[in-house]
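Everything below concerns the one structure shown next.
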Amino acid sequence: MSSSPPFVDMDTGTFDFEQIWREAYPILGLVLLFGVLGLLPFYVGASFTVSYGVGSLIGSVLTWLGQLILAVGSGIVLMYVIVRAIQLSGT
């Protein structure tokens, strides 16, 4: 186990913002990737639903697809965060 806590500069006792950014950047990238990919089917599905009525099959399928992409993306982001936390803890 590491003797110094993560994200703290032991010399000055302040937050190490460079390390925080290095750790947050991949998480931000994953969240944006799956967020955009998941919202595209919602947008297209909403436009089909408005154009062709509430019971549009295409709108329902695209809404389901958007939810699936967001759920899988959330799982991948969570797995990344857990694995990275284990790596930082030194276990």
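The values are calculated or read from the model by the stated rules, or taken from the named source; none is laboratory data. Bear in mind the structure is a predicted one, so any value in this text is a computation, not a measurement. Neighbour counts run over all protein chains shown; Cβ positions are idealised from the backbone, glycine included. The protein model used for the area step is the full one, side chains on, heavy atoms only, and it has no ligands, DNA or RNA in it. Shrake-Rupley method; radii C 1.70, N 1.55, O 1.52, S 1.80 Å.
All but one of (1) open to solvent by 50 Å² or more (accessible area, probe 1.4 Å); (2) modelled with pLDDT of 90 or more; (3) among the small types (Gly, Ala, Ser) hold for Gly73, so report the exception by its number.
Only one criterion in (1) open to solvent by 50 Å² or more (accessible area, probe 1.4 Å); (2) modelled with pLDDT of 90 or more; (3) among the small types (Gly, Ala, Ser) is unmet by Gly73, namely (1).
Given the options Val72, Val81, Val50, name the one that is in contact with a helix residue (DSSP H, G or I) (Cβ under 9 Å, 6 or more places away or on another chain) and within 18 Å of Tyr25 (Cα to Cα).
Val81
Tally the residues that are part of a loop (DSSP other than H, G, I, E, B) and farther than 30 Å from Gln19 by Cβ, restricting the search to the stretch 54-91.
3
Looking at (1) open to solvent by 90 Å² or more (accessible area, probe 1.4 Å); (2) within 14 Å of the chain's Cα centre (by Cα), which one does Val50 not meet, given that it meets all the others?
In the conditions (1) open to solvent by 90 Å² or more (accessible area, probe 1.4 Å); (2) within 14 Å of the chain's Cα centre (by Cα), Val50 misses (2) alone.
Looking only at the stretch 1-36, filter to residues that are polar (S, T, N, Q) and outside any helix (DSSP H, G or I); which one of those is modelled with the lowest pLDDT?
The qualifying residue modelled with the lowest pLDDT is Ser2.
Could you tell me which residue of the stretch 1-42 is surrounded by the most Cβ atoms within 10 Å (Cβ to Cβ), considering only residues that are farther than 30 Å from Ser60 by Cα and touching a Ser or Thr at 6+ places or on another chain (Cβ under 7 Å)?
Ranking the candidates gives Met10 first.
Counting just the residues of the stretch 76-88 that are over 29 Å from Pro41 (Cβ atoms) and surrounded by 11 or more Cβ atoms within 10 Å (Cβ to Cβ), which one comes out farthest from the chain's Cα centre (by Cα)?
Step one: of the stretch 76-88, the residues over 29 Å from Pro41 (Cβ atoms) are 85-88.
Imposing the further condition that a residue be surrounded by 11 or more Cβ atoms within 10 Å (Cβ to Cβ) reduces the set to 85, 88.
Working: Ala85: 16, Leu88: 19 Å.
My answer is Leu88.
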